[in-house]
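Single-structure report; data block below.
What follows is calculated from the coordinates using simple rules that are stated; it is not laboratory data. From a predicted model like this one, the values you see are computed outputs, not experimental measurements. Heads up, the Cβs are rebuilt from the backbone with ideal geometry, glycines too, and the neighbour counts pull from every protein chain shown.
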Amino acid sequence: KGNSFIRYALYMPALCASRFNPSMKSFYKNLTERKPAKKIAVTAVARKLLCLIYVLWKKEEEFNLNN
């Protein structure tokens, strides 16, 4: 479901974020502990990234890892 191009474009950034971004890493780990399907967890991280990108774009702010 959804736009296949957006899913394709966000898969690798979501995978990297789930490994190296502390907040996304804990979110991913929490999801994989509850449900062992890692692909679903990566998709959830991708959605969270997309929401973050949208909010930063609408507020015209830059990403700050500390906040």
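Worth pointing out:
- Tail beyond 17 Å, pair distance distribution of the chain (Cα, percent): 42
- Annotation: lysines with alpha-carbon distance below 20 angstrom to LYS58 (same-chain offsets under eight excluded): LYS48.
- Computed E for LYS25/LYS59 - FRET, C-beta separation, R0 22 angstrom, nearest 0.05: 0.35
- Computed over region 7-64, relative contact order equals 35 percent, with contacts defined as Cα pairs under 8 Å that lie 6+ residues apart.
- Taking the C-alpha atoms only, the angle from helix 4-20 to the longest principal axis of the chain is near 80 degrees.
- Only Lys, Arg (+1) and Asp, Glu (-1) charged, at Cβ; the chain dipole about Cα centre in debye: 440
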